[in-house]
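Read-outs throughout are calculated quantities, based only on the coordinates presented, and are distinct from any laboratory measurement. Note that the coordinates shown come from a computational prediction; the quantities given were computed from them, not determined experimentally. Positions of Cβ are generated from backbone atoms using ideal geometry, with glycine treated the same way; all protein chains shown enter the neighbour counts.
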There are 2 protein chains.
Amino acid sequence: MNPLILATSLRRPGLLFKHLGQSFTGFRTIQHESSFNMKRVALVSKMTRYEFLKSTYKDLSEGELKKHLDSIRSDYESLHQLHINHYKCVDLIHRILKEHSIETRVVNRFQYNEEIVDWADLIVTAGGDGTYLLAASKIKVKDKPIIGINTDPKRSEGYLCLSKKQFPAENFGEAVKRILEGKFKWKWRHRIRVTMSGFHQNDEPVAIHDQQLLYPEYRFEEHIKEAETHFGEELEQRLHVHEMPPRILPVLALNEVFIGEALSARVSYYEIKRDEEPSMKQKSSGITICTGTGSTSWFFHINHLPIEAVKDILGITKNLTDCDVDLTDQTLMSEVASKFNNSLKFSADEQRMAYTVRDPIVNGVFDAIRQQRGFATRIKINSRMWDGTLVIDGDSSFHFNDGAVATLEMLESDALLTITLD
Amino acid sequence: MNPLILATSLRRPGLLFKHLGQSFTGFRTIQHESSFNMKRVALVSKMTRYEFLKSTYKDLSEGELKKHLDSIRSDYESLHQLHINHYKCVDLIHRILKEHSIETRVVNRFQYNEEIVDWADLIVTAGGDGTYLLAASKIKVKDKPIIGINTDPKRSEGYLCLSKKQFPAENFGEAVKRILEGKFKWKWRHRIRVTMSGFHQNDEPVAIHDQQLLYPEYRFEEHIKEAETHFGEELEQRLHVHEMPPRILPVLALNEVFIGEALSARVSYYEIKRDEEPSMKQKSSGITICTGTGSTSWFFHINHLPIEAVKDILGITKNLTDCDVDLTDQTLMSEVASKFNNSLKFSADEQRMAYTVRDPIVNGVFDAIRQQRGFATRIKINSRMWDGTLVIDGDSSFHFNDGAVATLEMLESDALLTITLD
């Protein structure tokens, strides 16, 4: 367990696990026999693609479904095989839990709800990261642990699940043993809480959207550079006239929050204020704000550099300086690239957010964006968009039109409790 | 005029300008007095934001509009002033053309159509890049020149317009003089032609889209790595069963084509084949394919590197090698960054396309994308998307769902003719 995790955990005397009969001051001691009283487990099963298609085409016979899948170039055989493999894993996990006389309820995403979360001592997901995120999104309390088993290690990475090498379903027994013996560590994954305020926050975007389509020049129109932005006294006053009471969004972000125009090809316009820095206006393809957990996901894909770019940079530097680096040294090139790319990731329990401006518009008129990427503990974004959207973990989306204000922060009480076995 | 432009122009013996009484072999000689018989000009005026708002809120009095704009934090005064400035420019341009006894029709985007394009010898746009793109999109022939005058140099860059320093509206007379005296150069801006084939190409996406929302795990599901992809014999045969006749899209791309899921926060899945390279599957936030013209636009914003990233790369390299570079040398850092960023741009008349994969998904399961960015002369993309879209110049969009195939190429006959005065 990396020292940071320990450090931040220990920084939480307030966060007690009464039903574990221990506080975080006892954290260092890995032995807490019987400390985690795991009597009831909710086993959340992924819906397989096969199940999904069966439910979508419920009127088709097996043969007709096969024909149809073939026509849309999906392979019935492999989908069906994957379905069978997944449920083999679910059954195996279920059997192992029963062998340890742990009461278990197997549920799919339609059966899984907060009542089941309350009932269970531990949530176990069988599937991939999607299933884990889904199950986690229903956990609102800070003392309800969750672990994930990757039931398709060949085809999915499962960053959120237990190590697919160390703990495939076949080895789930070992995981249970360690948990029951207290041979594990608690780990927190911080989540982002979004509070909406301002006005227009609940507008239906359609009308505005249509107007914009009537006015295509708009997307190239630059906006007057104003010293004043709309946060601060003056805006706050105006807001009070129009605004609805601030509301905390019902979903916490485990990976990231995306804020931008709903349509991919549209330019997003907004003001952003990070911690105590002055507020600034930006035009871009939207902004993502991620947790440490999300730093291996979308955030990573946006910011990671391919080896080619590294080579180009070093080539240019070589020409400008007497820096002598061998551009033909593939090992070096990829080592530099991977060091840079790994530096993008940070620990899931660091209580800070990383933001990235996607495709920032920089030109003579619009200020070069001072910091395209960085960390913050509190971010406030003021929409200037036509058809803006705020999307949590790539799944739940909320309207976010001109005048709406979103405040993003990380509260200790919102952290998700997980278990590490390494 | 950069040598490339000359080179590629000279490579076009077939592209003759009969009505100019000259062929491209006479290209080098700048003098072609009376060679360009500019008798009729269509002056396309931008719709100002003020006009747009007036038409949107036509029932409001001037006072009520002012109130409303204030409530949505727009500044009535400056919008109205910009409106007046713009029309001062339009009138000035119009007067100058009349002074040279050039017949002129002033049109807005609703009045501008192909009949007017046929009528005019030259299209002049008054506005920004948006107005230029709009006017260019209606030019389907290769011998109808267009120039743009930036009527708002303070607030807009106007890459496509004549130099805003050298030729603001006030100096338009000089531009006309040079054109009439033949003291100018022709320049071609290549455009991308998109041909749609395959099946599902006209589906309404909604149904599929809703299905996907019922199945959020999907976005994390990895796809089996298949050696075979779906281009080639076998697909072509299948396609013939379902496909509709290929259709050439009615709009040519002057900047870029975006292909991806319509919704910003969704992962795009597709197959891409560049020239003779093997086809490959990709997951990303979509792909943009740009012209030289577009290489200063979205393509640039996606790929340009901030100084911070350059510093990080050099810092890492410094630690790994004995390359001695001074990271505190701001001038050097920004020189490296700007050299890298400028290397992204290429000339508008190079007959090749540059593609960029946005936020490519790279992990243990999905192949690292071999080339995230590069050039091609022919690109074929096969949609595997739920609610896919193909967007031309950020404006016209077309459905592009699973099974649809888009072929992108640059034909000489699609090039847009422009005039350079530098």
> What ranking of A:Thr56, B:Thr131, A:Thr331 emerges when the number of other C-beta atoms within 10 Å of each C-beta is taken as an exposure proxy, fewest first?
Replying inline: A:Thr331, A:Thr56, B:Thr131
> Once amide H atoms are placed 1.01 Å from N in the peptide plane, what residues at a sequence separation of 5 or more from B:Ala126, or on another chain, have their amide H within under 5 Å of its amide H?
Replying inline: B:Val44, B:Ser45, B:Lys46, B:Ile149
> Which of A:Arg155, B:Arg95, B:Arg109 comes first, and how do the rest follow, when ranked by fewest Cβ neighbours within 10 Å?
Replying inline: B:Arg95, A:Arg155, B:Arg109
> List the lysines whose alpha-carbon lies under 21 Å from that of B:Lys183, not counting same-chain residues fewer than 8 positions away?
Replying inline: B:Lys18, B:Lys39, B:Lys98, B:Lys142, B:Lys144, B:Lys164, B:Lys165
>> Can you list the copy-to-copy distances for A:Glu77, using a point 7 angstrom from Cα toward Cβ, in nanometres, shortest first?
In response: 7.6
>> Let me spell out the model: positive unit charges on the Cβ of Lys and Arg, negative unit charges on the Cβ of Asp and Glu, origin at the Cα centre of the range B:33-183. What dipole size does that give, in debye rounded to 20?
In response: 180
> Between B:Thr104 and residues 5 or more places away or on another chain, which pairs have amide H atoms under 5 Å apart, with H built 1.01 Å from N, and which residues are they?
Replying inline: B:Val41
> When Cβ neighbours within 10 Å are restricted to other protein chains, what is their mean count per residue of peptide A:257-265?
Replying inline: 6
>> Need one value for B:322-328: mean number of C-beta atoms belonging to other chains within 10 Å of its residues' C-beta atoms.
In response: 4
>> In whole Hz and in residue order, list the ³J(HN,Hα) couplings for the range B:143-149 that follow from phi through the Karplus curve 6.51 cos²θ - 1.76 cosθ + 1.60, θ = phi - 60°; x for Gly and Pro.
In response: 10, 10, x, 9, 10, x, 10
>> Skipping prolines and chain starts, which residues have an amide H placed within reach, meaning under 5 Å, of the one on A:Lys187, given they are 5 or more residues away or on another chain?
In response: A:Thr418, A:Ile419, A:Thr420
> Across peptide A:159-165, what mean number of C-beta atoms from other chains lies inside 10 Å of a residue's C-beta?
Replying inline: 1
> Among A:Leu327, B:Leu180, which comes first, second and so on when ranked by fewest other beta-carbon atoms within 10 Å?
Replying inline: A:Leu327, B:Leu180
> Bin by bin, in steps of 5 Å, what percent of the Cα pairs in the range B:289-408 do you find, going until the bin that has the longest distance?
Replying inline: 2, 9, 14, 16, 18, 14, 11, 7, 5, 3, 1
> Quick one: label points 7 angstrom along Cα→Cβ at A:Phe375, distances to the other copies in nm, smallest first?
Replying inline: 4.2
>> Just to confirm the numbers: A:Leu320, label point 7 angstrom along the Cα-Cβ line, distances to the other copies in nm, shortest first?
In response: 2.0
